[in-house]
């Protein structure tokens, strides 16, 4: 639903359907990152809003108000970053506990009968 919100303004700006499709991919991946950031910072709305604002401002940092911005490149980079976050950091920004050999030496709490 996040990407749908942006469709009308992107169409009104006369972007091609390919451009819009890549922008939608970036938008969905960025949404994942914003939600992860919010959850990983003890539900800091400030962190989520700051990420979104910096994302918006970064486009205009290209020469001539974003004239060299390519949503295909930005989309791929954002998807890769979201993948790294999802598979390496997981929920809460921390690595998931391993179930490998080292975890068998972790002391277990005493069981209550």
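The values are calculated or read from the model by the stated rules, or taken from the named source; none is laboratory data. In this text, all values refer to a predicted model and were calculated from it rather than measured experimentally. So basically every Cβ, Gly included, is an ideal-geometry build from the backbone, and we count neighbours across all protein chains shown.
What to note about this one:
- Among (1) surrounded by 12 or more Cβ atoms within 10 Å (Cβ to Cβ); (2) over 13 Å from residue 6 (Cβ atoms), the one test that residue 52 misses: (2)
- Residue that is farthest from residue 70 (Cα to Cα) [pool: residues in segment 8-19 that are surrounded by 13 or more Cβ atoms within 10 Å (Cβ to Cβ) and without any contact (Cβ under 8 Å) to a residue 40 or more places away in the chain]: 10
- Positions within segment 55-72 being within 19 Å of residue 3 (Cβ to Cβ) and at pLDDT below 95, in sequence order: 55, 56, 58, 59, 66, 69, 70, 71
- If you go through segment 36-49 and pick out every residue that is within 19 Å of residue 3 (Cα to Cα) and either in contact with a strand residue (DSSP E or B) (Cβ under 8 Å, 6 or more places away or on another chain) or loosely packed, with under 12 Cβ neighbours inside 10 Å (or both), you end up with 0.
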